[in-house]
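Step one of this worksheet: look at the structure below.
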Amino acid sequence: MTGVSVRYRQRGARQQSGVPAVSDVSFSVAPGEFVAIVGPSGCGKSTLLKAIAGLVPLTSGHVTFGSGPETRVGFVFQTDALLPWSTASGNIELALRLAGASVTAARKRARTLLAHVGLENAAELFPGQLSGGMRKRVAIARALAYDPALFLMDESFSALDAQTRIHVGNFFLSLLAESQQTVVFVTHDIEEAVALADRVLVMSHGPGRIECEIAVPLPRPRDYHASRFAVGFDDLQRRVWKALPAPREVDQ
Amino acid sequence: MSEEAVSGQGKTAGRPSVAPRLASWLLALALIVSWQIVASTIPGMSALASSPLLVVERLIAIAGNGDLWQNLLPTLEETFGGLLLGLAVGICGGVLMARSRFAASMLDPYVIGINGLPRVALGPFFVVWFGIGILSKVLLAVSIVFVVVLFNTREGIESIDPDLVDALRSMRASRWQMLRHVTIPSLIPWLLAATKIGIGLALTGAVVGELVGASAGLGWYITNSLNVIDMTGAVTALLVMAIIAMVMYYAVLLIERRLLVWRPQERAR
């Protein structure tokens, strides 16, 4: 695992309409750090993640990683984004094959990963046959598959029901505790951000900028749910809430 | 958490019960029997509407003397040719229009115009231009089939899940890999749907072409029979057409079940 740092300078990613989605955002993430990004809807949080992953072109500025301009990122979307025509195992195998693994190696590793996320019995099932929580775990296993230097997560747990979210959230935290991977996590849920992250970045209205940065000194290992009752959690949550820009009046 | 598995795969969602299928066969039987009764009790009726027994008799006769195969084969060739070419033209057009805004804006009025045109009216033109052979019928079938395929292909490409595209791109998939793992599998349900509709349309094109001008084929057999008020011959040809359409449809259904095993509704069947 190589160290990762992400830096933005003078960024102004534009959406098709020509409206800047994010402007001049700079931040860096230390290896092994968990950074959450919160902000109002439409502030460009998702665009930022896609920019880090190289999915949208930058109009200015650049993204660098510890190892150079390119790295392996594991992207976990709000939807599970699994190929519905491919089995749980097939989805993970594809990620491995695209990273250059041989068919047999990919197959073996996919089984190991599925066992790792507790889904060894679901290997030959299609996403349509799995519950939301199971699909999310397959998506996480797929992101894990090619040893990402960086996890990019776009509201990854928000589509799950409350109970499943806690399960999958805890599961993810335990995986992280083992692997010490770096994470950039976008969410609109302040509680979730504080519960998970080492540092919360608060973004302004679009075109998004980073308004402020709040360190979360809660101890690890954490529990996705129980850490919300830790001493100081309320205070941190309030600080994030205050830092968030007031909602814009919508005139129609 | 693994016991929450496998939604929509329970035994209750299994195969549909036999009752509706049985009812379907019974309805067919009832229709055939009443047709036979009407034809044989009302004087002169069998000359006007033929009868099941007469049709079966004729079917056996023309299967024996070769008339059936002589007329079935050209119609099948025209239908398959029209369907396959229509799929090819429709897919190419649909991809072009989905991928290029320029092409879409430029061709849209034409596609809409052609779609609105009752294309069977092109039959006489095609027979004049391309002769009474197979070609004119294939082209007529293509002209009817391709629009549906084009619309479905276009819609299919436009409704590809952007998250899947982003997921594969974040894994650094090449254009070819994207095509193979996302674009083509996304299109398959749309193309199968277009094919199912296309079967009937291709058959229509083929038969209308034959009615207009041909020297063989089921449509030609109908014209020929009606010229001598041979109702049984005409009805037999109609029946053969219905059988062709059903066989082709079920063949596509079988292919669909194989290709779309990943869809919960396909597994339930």
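Search the structure for amide H atoms under 5 Å from the amide H of residue A:199, placed 1.01 Å from N in the peptide plane, and list their residues when 5 or more places away or on another chain.
The answer is A:34, A:36, A:216.
Which semi-axis lengths, in whole Å and largest first, follow from the square roots of five times the eigenvalues of the Cα gyration tensor of the protein assembly as shown?
61, 27, 20
State the extension gain, in nm to one decimal, for the chain segment bounded by residue B:56 and residue B:251, taking 0.36 nm per residue of separation less the distance between their alpha-carbons.
In short, 67.8 nm is gained.
What value does the stretch A:15-162 have for Rg/Rh, both radii from Cα atoms and Rh as Kirkwood defines it?
Computed over Cα atoms, the ratio is 1.00.
Over chain A, what portion of Cα pair distances is larger than 25 Å, expressed as a whole percent?
Percent of Cα pairs beyond 25 Å in chain A: 44.
Using θ = phi - 60° and the Karplus curve 6.51 cos²θ - 1.76 cosθ + 1.60, what whole-Hz ³J(HN,Hα) does each residue of the stretch A:128-139 get, with Gly and Pro shown as x?
For the stretch A:128-139, the Karplus curve yields x, 9, 9, 6, x, x, 5, 4, 5, 5, 5, 4 Hz.
What FRET efficiency would be calculated for the residue pair residue B:258, residue B:49, taking the C-beta separation as r and a Förster radius of 45 Å, to the nearest 0.05?
Computed FRET efficiency for residue B:258 and residue B:49: 0.65.
In terms of modelled amide H atoms, which long-range or inter-chain residues lie less than 5 Å from the amide H of residue A:212?
The answer is A:202.
If I model a spin label as a point 7 Å beyond the Cα along the Cα-Cβ vector, how far apart are those points for residue A:27 and residue A:242 in nm?
The modelled label-to-label distance comes out at 1.9 nm.
Which residue, A:238, A:135, A:222, has the most motion in a Gaussian network model of chain A that connects Cα atoms within less than 10 Å?
Taking springs between Cα atoms under 10 Å, the residue moving most is A:238.
For residue A:177 paired with residue B:115, estimate the spin-label separation in nm (one decimal), with each label point 7 Å from Cα along the Cα-to-Cβ line.
5.7
Quick one: what Rg and Dmax do you get for the stretch B:58-140 from the alpha carbons, in Å?
17.6, 57
Any idea how far the Cα center of the stretch B:200-247 sits from the one of the stretch A:62-112, in Å?
55
How charged is the neighbourhood of residue A:225? Take every other residue with its Cβ under 14 Å from the Cβ of residue A:225, and add Lys/Arg as +1 and Asp/Glu as -1.
Computed value for this residue: -2.
I need the GluC sites (Glu not before Pro) found in the stretch A:104-173, filtered to DSSP loop residues with at most 10 other beta carbons within 10 Å of theirs.
Hits after loop and neighbour filter: A:124.
Tally Lys/Arg at +1 and Asp/Glu at -1 over every other residue whose Cβ is under 14 Å from the Cβ of residue A:116; what's the total?
+2
In the protein assembly as shown, with Lys and Arg counted as +1 and Asp and Glu as -1 at Cβ, which of these residues, B:105, B:68, A:236, has the Cα nearest the positive end of the dipole, that is, farthest along it?
It is A:236, whose Cα lies furthest towards the positive end.
With bins 10 Å wide starting at 0, give me the P(r) of the stretch B:127-198 over every alpha carbon pair, in whole percents.
19, 33, 23, 15, 8, 2
Give the long-range amide H neighbours of residue A:151: residues separated by 5 or more places, or on another chain, with amide H under 5 Å away, using H modelled in the peptide plane at 1.01 Å from N.
Residues meeting the amide H criterion: A:74, A:182, A:183, A:184.
Given Cα positions, please report Rg to Rh for the stretch B:129-269, the hydrodynamic radius being the Kirkwood one.
Result: Rg/Rh = 1.15.
What FRET efficiency do you get for residue B:242 and residue A:170 if R0 is 56 Å and r is their Cβ-Cβ distance, rounded to the nearest 0.05?
The value I calculate is 0.40.
Would you mind working out the magnitude of the charge dipole of the stretch A:96-252 relative to its Cα centre, with +1 at each Lys and Arg C-beta and -1 at each Asp and Glu C-beta, to the nearest 20 Debye?
Here the size comes out at about 620 debye.
Taking the alpha carbon gyration tensor of the stretch A:145-187, what are the square roots of 5 times its eigenvalues, largest first, to the nearest whole Å?
Calculated on Cα positions only, the semi-axes equal 19, 13, 8 Å.
For the stretch B:169-178, what does the Karplus curve 6.51 cos²θ - 1.76 cosθ + 1.60, with θ = phi - 60°, yield as ³J(HN,Hα) per residue in whole Hz, taken in order and with x for Gly and Pro?
Those phi angles translate into 5, 5, 8, 6, 6, 7, 4, 5, 5, 4 Hz.
Taking beta carbons within 10 Å but only from partner chains, what does the mean come to for residues A:74-82?
If you average over the peptide's residues, the count of other-chain Cβ atoms is 4.
Given just the C-alpha atoms of the stretch A:87-181, how large is their convex hull per residue in cubic angstrom?
Convex hull volume per residue, Cα atoms: 93 Å³.
Report, in debye and to the nearest 20, how large the dipole of the protein assembly as shown comes out about its Cα centre when Lys and Arg carry +1 and Asp and Glu carry -1 on their Cβ.
Taking the Cα centre of the protein assembly as shown as origin, the dipole is about 800 debye.
In whole angstrom, note down how far apart the Cα centers of the stretch B:18-48 and the stretch A:114-179 are.
59
Where q = 0.15 Å⁻¹, what log10 of I(q)/I(0) comes from the Debye formula for chain B, counting one point per Cα?
Log10 I(q)/I(0), no solvent term: -1.17.
So how much slack lies between residue B:180 and residue B:108, counting 0.36 nm per residue of separation and subtracting their Cα-Cα distance, in nm?
In short, 23.1 nm is gained.
May I ask you to derive the FRET efficiency for residue A:233 and residue B:192 from their Cβ-Cβ distance with R0 = 56 Å, giving the value to the nearest 0.05?
Once rounded, the FRET efficiency stands at 0.60.
Can you give the average number of partner chain beta-carbon atoms within 10 Å of each beta-carbon in peptide A:120-128, as a whole number?
Across A:120-128, the average partner-chain Cβ count within 10 Å equals 3.
When chain A is treated as a GNM, springs tying every alpha-carbon pair under 10 Å, which of A:33, A:192, A:178 comes out with the largest mean-square fluctuation?
Comparing A:33, A:192, A:178 in a Gaussian network model of chain A, the most mobile one is A:178.
Taken together, the values in this text are just the output of simple stated rules run on the coordinates, not laboratory data. Since the model is a prediction, treat every value here as computed from it, not as a measurement. Here the Cβ is made from the backbone with ideal geometry for all residues, glycine too, and neighbour counts use every protein chain on show.
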